[in-house]
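Heads up, the thing below is written out as structure tokens.
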Amino acid sequence: MKKLMFSTVLCLTMFAAVAAEPQNTTEELKKLEQQQAKLAVEMRKTRMELISKDPDIQRMHKQIMALHKELELKIDNTREMRSLLFKEAELAKKMEELKKSTVKK
């Protein structure tokens, strides 16, 4: 009888612990996500500082940016991309017109 009672209490304790876990896990996850966001900001700031201070890194960054710009130009000159860019420009124009008409009212 004692074993049965002990087993029941143990099972109820485990159930209570598992039932409470999602809330604790959610709160812990939020804290970890906040820490991750702060760390991402700190990492970006450090990268920018290193780029501005280290001549070798700065040179590499300029090369990468130049290649990125060249790649963008080549991609933007394809027929498919020109079509998409035109559609995007039309949408931006319509949105701007709607914003202007909303402000006037």
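None of the figures in this text is laboratory data; all of them are computed from the coordinates on show. Please read these numbers as outputs of a predicted model, since none were measured by experiment. Please note: Cβ atoms are built from the backbone with ideal geometry, for glycine as well, and neighbour counts cover all protein chains shown.
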Would you kindly state how much longer the chain becomes between A92 and L39 on full extension, computed as 0.36 nm times their sequence separation minus their alpha carbon distance, in nm to one decimal? 15.6 nm
How large is ³J(HN,Hα) for each residue in region 49-66, as worked out from phi by the Karplus curve 6.51 cos²θ - 1.76 cosθ + 1.60 (θ = phi - 60°), to whole Hz, x for Gly and Pro? 5, 5, 4, 6, 8, 8, x, 5, 5, 4, 4, 4, 4, 4, 5, 4, 5, 5
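According to the square roots a ≥ b ≥ c of the eigenvalues of the Cα gyration tensor, what is the shape class of region 30-87, taking rounded for a/c under 1.5, prolate for a/b larger than b/c otherwise, and oblate for the remainder? Could the numbers behind the result be given before it?
On the way: a/c = 5.47, a/b = 1.47, b/c = 3.72.
Because a/c hits 1.5 or more and a/b fails to exceed b/c, region 30-87 counts as oblate.
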Output row, site N77, 7 Å Cα→C-beta label point, backbone N cut-off 19 Å, window region 26-68, residues 65-68
